[in-house]
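Where a number appears in this text, it was derived from the coordinates with a stated rule and is not lab data. Here the structure is a predicted model, which is why all the values come from computation and not from measurement. Neighbour counts run over all protein chains shown; Cβ positions are idealised from the backbone, glycine included.
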Amino acid sequence: MKKILMTFPQGKFKVLTMSYDDGKHADRRLVELFNKYGIKGTFHINYGLMGDADPGRIAKEEVAELYRGHEVSAHTLTHPTIARCPKEQLIHEVMEDRKGLEQLVGYTIRGMSYPNGSFNKQIKELLPFLGIEYARVTEGTGGFGMPDDWMEWKPTCHHNHNLLSLGEAFTQLHKSQYLYMMYVWGHSYEFDNDNNWELISRFCEQVGGNNDIWYATNIEIVDYVKAFQQLKFSAAGSFVYNPSARPVWIRVDDEIIEITGGGQVRLEA
C-alpha cells in the first residue's frame with residue numbers, strides 16, 4: 001500500500017492564521033496590513049456592543065466590506081464571562097451574536113473565541129448544538145501543532161509573546177512529513193495602546209508572500225481538515241472518493257494529488 005499523507009491546498013504543509021477580537025477601529029489598519037501581504041484573519045465580534053453601545057467599534061454598515069476576504073466570527077453578544085453564566089444566557093449570547101453578524105456579512109457564522117478566555121466543559125459540549133464548530137482559547141502553546149480539540153483551539157501565541165522569533169522559526173520549517181500551523185491572536189487596539197504597530201508590520205513582511213505557506217481563516221482550516229477526514233479510501237488504498245464539495249490534496253509517496261469535490265482518483269496503476 002502506498003504511503004498516503006494529508007497536505008494543505010496545492011500540497012503545502014504549513015498554514016498561517018490570525019485571530020483578533022472585539023472589532024475595534026484599529027481593525028481597519030490591521031486588515032490593511034493583512035491585505036497588503038496576502039495574510040488572512042478571523043475577526044471575532046460582539047454584535048451587541050456595536051454602534052451606539054461603543055462608538056470605538058467598527059460600525060455595522062462597515063463590517064461586510066472591511067472584512068471581505070477574511071472571516072467574521074462570534075465573540076458573544078455582549079462579552080460576558082460565560083463560565084459564570086447560566087446556560088440560558090449562554091444560548092442567548094451566542095445565538096443573538098450569530099443572528100446579528102449573519103445579517104451583516106451574509107454567510108453562516110460557525111466559529112467563535114471565548115470572551116475573557118472564559119469556558120468550561122459544559123460550554124464546550126453545548127456549542128456544537130448552537131452551530132459553533134470551533135472556539136479559540138487564549139492559552140498559547142508556543143508551538144506549531146494542529147489542534148486536537150476544535151472547541152479548545154489553542155493558538156501559538158499572542159502577538160506580544162515572541163512573535164518575530166516564532167515567525168522566523170515557522171518560515172524555516174522544512175520537514176514536509178509534518179503539518180505545521182502558526183496561529184496568532186490578540187486585539188488590534190493593543191497596537192495603539194502599546195505603540196508597537198511596527199511589530200505586526202514586521203511580522204507580516206516576514207511571513208507574507210511565502211509560496212510554501214497556506215494563508216487561511218480559522219473556518220477555512222476547520223473545513224479543509226473535515227473535508228480530508230471525509231475522504232473515502234478503498235480498503236487497499238488504490239483509489240479515493242471525495243464526497244465533499246471542496247478539493248482536497250494528499251501526498252501519495254512523493255506525488256501531490258488533488259481530489260476534486262465529488263471526484264474519485266485512482267492512486268495505483
Take the residue pairs 14/121; 121/226; 3/124; 36/60 and return only those whose Cα atoms are more than 28 Å apart.
14/121; 3/124
Total formal charge among the other residues, if their Cβ is under 12 angstrom from that of residue 152, Lys/Arg +1 and Asp/Glu -1
0
Can you list, bin by bin at 10 Å, the percent of alpha carbon pairs in the chain, starting at 0?
7, 29, 33, 22, 8, 1, 0
So, counting K/R as plus one and D/E as minus one, what does the shell of residues with Cβ under 13 Å around residue 94 add up to?
-1
Any aspartates and glutamates whose Cα falls less than 18 Å from that of residue 24, other than same-chain ones fewer than 8 residues away, would be 32, 52, 54, 61, 62, 65, 71, 97, 190, 192, 194
Going through region 211-269, which GluC sites (Glu not before Pro) have at most 16 other Cβ atoms within 10 Å and a DSSP loop state?
268
Give the separation of the Cα centroids, region 111-147 to region 194-222, in Å.
21
Segments 235-245, 183-193 sorted - mean Cβ within 10 Å per residue, highest first:
183-193, 235-245
Taking the Cβ of residue 247 as the center, what net charge do the other residues with Cβ under 14 Å away carry, scoring Lys and Arg +1 and Asp and Glu -1?
0
Can you tell me the relative contact order of the chain? Whole percent, Cα pairs under 8 Å, sequence separation 6 or more.
26
Using a Förster distance of 35 angstrom, determine the FRET efficiency expected from the C-beta separation of residue 152 and residue 266, and round it to 0.05.
0.35
Cα-Cα over 28 Å, subset of 2/154; 2/175; 12/154:
2/154
Packing-based order for 55-67, 30-42, using average beta carbon neighbours within 10 Å, highest first:
30-42, 55-67
